[in-house]
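Asker: Sharing a structure with you now.
The values are calculated or read from the model by the stated rules, or taken from the named source; none is laboratory data. This structure is a prediction, so every number in the text was calculated from the model and none was measured. Cβ placement follows ideal geometry from the backbone for every residue including glycine, while neighbour counts extend to all protein chains displayed.
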Amino acid sequence: MFFRDIKGHIKVKESLVRMPAENRVSHAYMFVGPEGSGKFPLALAFAQYLNCEAPVNGDSCGECASCKKYSKLVHPDLHFVFPVVKTGEGASNPVSDSFIREWRDFVLQRKYFNLTQWYNFIGAEKKQGMIYTQESQEIIKKLNLKTYEGRYKVMIIWLPEKMHPTASNKLLKILEEPPAGTVFILIPDNPEEVISTILSRTQQIRIPPFSTEELKEVIQEEYELNDEDAWGYARLANGNIVSARDIVEGSEDLDFFFENFVFLMRKAYMRSLQELVDWGDQMSRLTRDKQKSFFEYCLRLIRENYISNLKEDELVYLTPKERGFSEKFAPFINDNNAFQMAEEFSSAHSHISQNGNSRIIFMDLILKIIILIKNR
């Protein structure tokens, strides 16, 4: 991965390039930014740059043995940790290396991705994954070895908030006394969920979302869109390149969330309690990550419909399908209920994150929405 292949983030790239030049390479970084920003490709580009044998013009050369191995993610001093799932084949405590071939294929196919896409890629969309306890032993074993070829052993940990508490505590000990020549790069989506003692031992690099213009250029190049369509999709994605691609391609998840939001609102207005109870049971069987994504989607639509109801069309970010529904639905989201609805979806999201009972959470949400949807 090259810095030059990553759109935008100019100041971040300049800062990362200066660090080895000024002998300021830290042993632990945390690349903090929203989902769909350039934090993962930046981490890869930085790791490749650190071990490049002949950097040129503030970037890796791409020609040395190290760069060629990095291009295939097979450099012996490059290690990955990421959420995995139990396969049902007797692996009660799987580790990242159990899925390393799939991981390399997945990362090489796309620069930007999210957890749902990773689970879908390995056929685990209905499973709840994490970074299991045994992973900490693998980290210790790998980092206690001497570097094979590069100047640094680089350990990239994607979504450290998914670590089992035992693994997090052992990682903390390694961060306190890291082996020589080790560089950790932690890439969370929700840094507030990473234990505070790990946060305090990393140098945080802030990665901003993409600008609308940057997103427009990316999707226009990839999908050969005209200026108007590309700008509309980019504006709707709100800085998230993963969302931008999902919107352009009409992803199954986006359609699923839209259909279930519409069902919830229509049945709540009709007070069809039994249908909503059955719906809540079905939704409670989704993975927690997908449940949280659904609540985030609902929050967005509540916000957009409220703004639409205020006749501030230039501030409304909706897909054509969403806009068609909102033409009739927006009047139901107003000063009497918009903020309460947003609070209920936020609360449900929080309770799911805290491992609350999904069925009870959905049932409680249904009852609240039935009451609030009538407040016109």
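Asker: In the list Phe113, Phe106, which residue meets the criterion of being in a loop (DSSP other than H, G, I, E, B) and within 23 Å of Ser293 (Cβ to Cβ)?
Answerer: Phe113
Asker: Scan the stretch 121-152 for residues that are in a helix (DSSP H, G or I) and closer than 21 Å to Thr182 by Cα and jot them down.
Answerer: Correct list: Gln134, Glu135, Ser136, Gln137, Glu138, Ile139, Ile140, Lys141, Lys142, Leu143.
Asker: Tell me, please, whether a residue that is in the same structural domain as Arg110 (by TED's automatic domain parsing) and in a helix (DSSP H, G or I) can be found in the stretch 263-273.
Answerer: No: the stretch 263-273 contains no residue that is in the same structural domain as Arg110 (by TED's automatic domain parsing) and in a helix (DSSP H, G or I).
Asker: For Val17, are the conditions met, namely being in contact (Cβ under 8 Å) with a residue 12 or more places away in the chain, among the β-branched types (Val, Ile, Thr) and out of contact with any Leu (no Cβ under 8 Å at 6 or more places or on another chain)?
Answerer: yes
Asker: Moving on. If we keep just the residues of the stretch 315-357 that are without any contact (Cβ under 8 Å) to a residue 12 or more places away in the chain and over 27 Å from the mean Cα position of the chain (by Cα), which is surrounded by the fewest Cβ atoms within 10 Å (Cβ to Cβ)?
Answerer: It comes out as Lys328.
Asker: Moving on to the next point. For the stretch 153-208, give me the residue count where each residue is of a type in the set (Ser, Thr, Tyr) and either modelled with pLDDT under 90 or part of a helix (DSSP H, G or I) (or both).
Answerer: 4
Asker: Continuing with the same structure: Give me the pairs, please: first residue somewhere in the stretch 130-148 and under 11 Å from His79 (Cβ atoms), second residue anywhere and among the basic types (Lys, Arg), beta-carbon distance under 8 Å, and either six or more positions apart or on two chains.
Answerer: Listed by first residue and then by second, the contacts come to Ile139/Lys170; Lys142/Lys153; Leu143/Lys153; Leu145/Lys153.
Asker: Something else about it: Check Leu299, Leu236, Leu254 and return the single one that is assigned to a helix (DSSP H, G or I), out of contact with any Ser or Thr (no Cβ under 6 Å at 6 or more places or on another chain), crowded, with 20+ Cβ neighbours inside 10 Å and in contact (Cβ under 8 Å) with a residue 40 or more places away in the chain. Walk me through how you get there before you give the answer.
Answerer: Working: Leu299 fails: crowded, with 20+ Cβ neighbours inside 10 Å; Leu254 fails: crowded, with 20+ Cβ neighbours inside 10 Å.
Within the list Leu299, Leu236, Leu254, the selection yields Leu236.
Asker: Give me the pairs, please: first residue somewhere in the stretch 50-78 and within 21 Å of Ser15 (Cβ to Cβ), second residue anywhere and loosely packed, with under 13 Cβ neighbours inside 10 Å and small (Gly, Ala, Ser), beta-carbon distance under 6 Å, and either six or more positions apart or on two chains.
Answerer: Cys61/Ala54
Asker: Return yes when Thr202 is surrounded by 19 or more Cβ atoms within 10 Å (Cβ to Cβ) and hydroxyl-bearing (Ser, Thr, Tyr) and no when it is not.
Answerer: yes
Asker: Of all the residues that make up the stretch 51-68, how many are within 22 Å of Ile100 (Cα to Cα) and either among the aliphatic types (A, V, I, L, M) or under 26 Å from the mean Cα position of the chain (by Cα) (or both)?
Answerer: Count: 1.
Asker: Related question: Does Ile195 fit the bill of being under 23 Å from Ala45 (Cβ atoms), in contact with a helix residue (DSSP H, G or I) (Cβ under 6 Å, 6 or more places away or on another chain) and of a type outside the set (S, T, N, Q)? Show your work before the answer.
Answerer: On the way: under 23 Å from Ala45 (Cβ atoms): no; in contact with a helix residue (DSSP H, G or I) (Cβ under 6 Å, 6 or more places away or on another chain): yes; of a type outside the set (S, T, N, Q): yes.
In short, no.
Asker: Within the stretch 139-164, can you find the residues that are among the charged types (D, E, K, R) and surrounded by fewer than 17 Cβ atoms within 10 Å (Cβ to Cβ)?
Answerer: Lys141, Lys146, Glu149, Arg151
Asker: Could you check Arg245 against (1) over 20 Å from the mean Cα position of the chain (by Cα); (2) over 30 Å from Ile360 (Cβ atoms); (3) charged (D, E, K, R) and say which number it fails?
Answerer: Every condition holds for Arg245 apart from (1).
Asker: If I ask for residues that are surrounded by 18 or more Cβ atoms within 10 Å (Cβ to Cβ), outside any helix (DSSP H, G or I) and in contact with a Pro (Cβ under 9 Å, 6 or more places away or on another chain), which ones from the stretch 11-34 would you list?
Answerer: His27, Ala28, Met30, Phe31, Val32, Gly33
Asker: When Thr182 is evaluated against the numbered criteria (1) of a type outside the set (Phe, Trp, Tyr); (2) loosely packed, with under 15 Cβ neighbours inside 10 Å; (3) more than 20 Å from the chain's Cα centre (by Cα); (4) over 30 Å from Ile371 (Cα atoms), which criterion, by number, is the only one it fails?
Answerer: That leaves (2) as the condition not met.
Asker: If you don't mind, another one. Ala167 fails exactly one of the following numbered conditions: (1) surrounded by 19 or more Cβ atoms within 10 Å (Cβ to Cβ); (2) under 18 Å from the mean Cα position of the chain (by Cα). What is the number of that condition?
Answerer: So Ala167 meets the others, but not (2).
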